[in-house]
Amino acid sequence: MTEPNPAFTGIDTSTPNVARIYDYLLGGKDNFTADRAAADQLVEAIPDAAEIARDNRSFLGRAVRYLAAEAGIRQYLDLGSGLPTQANVHELAQGVAADVRVVYVDNDQVVASHGRAVFALGDQVAMVLGDLRDPASILSHPEVTGRLDLSRPVAVLCTSTLHFIEDEAEPHRVIAAYRDRLAPGSYLVITHGTGEDDPEGQGEAAAGIYRLASSQLHTRSLPDVARFFDGFELVEPGLTWITQWRPEPGTEPVGRPHSLRGAVGRKP
């Protein structure tokens, strides 16, 4: 595999990066030797890790199509978006409605650089280099205020993101701060690891691998994941396994049936 040019990107290639590990698991090419080594260790610990990543993307696709087609949402804020891949949020939503606007946010320089190159699509899509743990900074960023009207409903997406935010950063308070700025009729989408149904301790093995990465893994209990939706009404079928959230006819999960939890909530 051809290495991206670290001199051009100006990034640390020796530390495994969460976004680039995920990119590799999804079959992407924007990753380095350290990322691939960490991903291979992850697959050794969790043999269907790549398939779980694909199921997570499938959940995101179903959620976005629901929001665009059934809920009528035309504005999306994707927090911790990761590297561009196939079926990005703006492509999914604009496949339903051409006037959709999307802002992607990530705190990794290589993600932001690639995103700006790939998403250079006029005034409807933008990429922001920022830290989702600072809602005031994100929501006041010119790329956000220039594309999203917070007086109207917005969908905030946090798929496979919040379990990389440490408890010390008070992630529930962070999400509540976004919620309080959202208009009624807005939505929150989350997928999160819980450590449930893990008799072989694979989650702890994964956490050990991520301890050497750019961000560490922090699975949470199901009640703690549910707390992120305080102030939201859960869309049926509620907080469930991602493979069980509105599965589409003729499709099957490629990973284990019980991997990550996921839900979509509406602010009344």
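The values are calculated or read from the model by the stated rules, or taken from the named source; none is laboratory data. Keep in mind that this is a model prediction, so the values were computed, not measured. Because the Cβ atoms are built from the backbone with ideal geometry, glycine has one as well, and the counts that use them run over all protein chains shown. The accessibility values were calculated without ligands, DNA or RNA, using every heavy atom of the protein model including side chains. Shrake-Rupley method; radii C 1.70, N 1.55, O 1.52, S 1.80 Å.
For the range 1-156, the ratio of Cα radius of gyration to the globular rule of thumb 2.2 N^0.38 Å stands at 1.07. For MET127, the amide hydrogen comes within under 5 Å of the amide hydrogens of TYR104, counting only partners 5 or more places away or on other chains and with H modelled in the peptide plane. Remark: the chain carries 44 Å² of accessible area per residue (probe radius 1.4 Å; ligands, DNA and RNA excluded).
VAL254 sits among other residues whose Cβ lies under 9 Å from its own Cβ, and their net charge, with Lys and Arg +1 and Asp and Glu -1, is -3. Here the chain has 49 percent of its accessible surface on carbon and sulfur atoms, given a 1.4 Å probe and all protein chains in place. Comparing SER151, SER215, SER58 in a Gaussian network model of the chain, where Cα atoms under 10 Å apart are tied by springs, the biggest mean-square fluctuation is seen for SER151.
Here the dipole of the range 79-184 is about 320 debye; that uses its Cα centre as origin and unit charges on the Cβ of Lys and Arg (positive) and Asp and Glu (negative). Within the listed set ARG57, ARG152, ARG36, the residue fluctuating most in the Gaussian network model of the chain (springs between alpha-carbon atoms under 10 angstrom) is ARG152.
Based on DSSP H segments of at least four residues, each scored -39500 (n - 2.57), the chain has a per-residue ellipticity at 222 nm of -10000 deg cm²/dmol. For the chain, the share of DSSP beta bridges that are antiparallel, to the nearest 5, is 35%. Just going by the charge dipole of the chain, with Lys and Arg at +1 and Asp and Glu at -1 on Cβ, which of SER186, THR240, VAL225 is farthest out on the positive end? The listed residue farthest towards the positive side: SER186. Relative contact order of the chain: 20 percent, from C-alpha pairs under 8 Å at least 6 residues apart in sequence.
Taking the Cα centre of the chain as reference, the dipole from Cβ charges on Lys and Arg (+1) and Asp and Glu (-1) amounts to some 820 debye. A simple charge model with +1 on the Cβ of Lys and Arg, -1 on the Cβ of Asp and Glu and nothing else charged puts the dipole of the range 217-266 at about 160 debye relative to its Cα centre.
If you run the Gaussian network model on the chain, springs between alpha carbon atoms under 10 Å, then out of PRO16, PRO257, PRO84 the most flexible one is PRO257.
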